[in-house]
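The structure appears right after this line, and notes come after that.
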Amino acid sequence: MKLTYNFAKKSLTVEGFDHDVPATCLVRNELNGLRRDDEVVRCTNEDGTDGLPYEPRTFPLGTWKVVNIADKTNPYEAPKFISTDAHQEVTVWTTKNGCYVHKLGIAEDYGYGLHHSTSATTLGCIRILALEDLEALAAAIQKAWSEHDEVTLDVIEE
């Protein structure tokens with residue numbers, strides 16, 4: 001099963017769906033001023049644990065595997081978080097008193113996925129605008145997996 005997120009169209013094409021799914025990837029970071037200076041966020045390590053403080057970036061371009069669907073109760077990611085194996089290098093920082101201080105270097109950031117949210121912004125994930133679309137997408141992915149079909153996500157600019 002193939003999914004394609006198109007940044008320019010702000011939509012997700014889903015193999016087998018009769019419509020494109022409206023979705024965004026509006027990241028709150030220092031580049032667009034949507035994240036407060038004192039809102040320190042941490043990248044995600046490959047094992048899912050919190051990493052070092054970083055400046056969030058948009059979902060990386062490329063082809064990624066969809067690897068899991070997790071039930072969530074946090075309104076920011078509820079009711080489901082669709083995980084991928086997407087990752088990219090990000091700048092990490094030292095912090096002091098809850099603020100970024102100095103660039104520390106580069107780390108690999110994981111944890112990119114698709115979810116619905118009560119927030120208009122994300123920390124790099126693709127936000128599915130309609131809860132019904134997220135539920136239908138999760139069901140379609142589960143069905144594909146039950147048929148031993150790999151599910152991939154292409155992330156493109158155009």
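The values are calculated or read from the model by the stated rules, or taken from the named source; none is laboratory data. Not measured: the values here are computed from a predicted model. Positions of Cβ are generated from backbone atoms using ideal geometry, with glycine treated the same way; all protein chains shown enter the neighbour counts.
I need the full set of residues from segment 1-17 which are surrounded by fewer than 19 Cβ atoms within 10 Å (Cβ to Cβ) and either modelled with pLDDT under 95 or touching a helix residue (DSSP H, G or I) at 6+ places or on another chain (Cβ under 7 Å) (or both), in order please.
Narrowing segment 1-17 to residues surrounded by fewer than 19 Cβ atoms within 10 Å (Cβ to Cβ): 1-2, 4, 6-11, 13, 15-17.
Met1, Gly16, listed by residue number.
I'd like the residue in segment 110-158 that is more than 23 Å from Arg36 (Cβ to Cβ), of a type outside the set (A, V, I, L, M, F, W, C) and in contact with a Ser or Thr (Cβ under 7 Å, 6 or more places away or on another chain) and, out of all such residues, is surrounded by the fewest Cβ atoms within 10 Å (Cβ to Cβ).
Out of the qualifying residues, it is Asp154.
Only strands (runs of 3 or more DSSP E) wholly contained in segment 14-88 count here; list those with 3 or more residues that are in contact with an Asp or Glu (Cβ under 9 Å, 6 or more places away or on another chain) and closer than 18 Å to Asp109 by Cβ.
On the way: elements: 21-24, 41-44, 50-54, 62-71, 80-84.
Hits in segment 14-88: 41-44, 62-71.
Based on what the data block shows, is Ala107 of a type in the set (A, V, I, L, M, F, W, C), modelled with pLDDT of 95 or more and within 22 Å of Pro22 (Cβ to Cβ)?
Values: of a type in the set (A, V, I, L, M, F, W, C): yes; modelled with pLDDT of 95 or more: yes; within 22 Å of Pro22 (Cβ to Cβ): no.
It is false that Ala107 is of a type in the set (A, V, I, L, M, F, W, C), modelled with pLDDT of 95 or more and within 22 Å of Pro22 (Cβ to Cβ).
Would you confirm whether or not segment 75-98 contains a residue that is closer than 27 Å to Ile141 by Cβ, free of Cβ contacts under 8 Å to residues at least 12 places away in the same chain and among the charged types (D, E, K, R)? Walk me through it before giving the result.
Here is the first cut: in segment 75-98, the residues closer than 27 Å to Ile141 by Cβ are 75-88, 90.
Filter again for free of Cβ contacts under 8 Å to residues at least 12 places away in the same chain, leaving none.
No - not one qualifying residue is present in segment 75-98.
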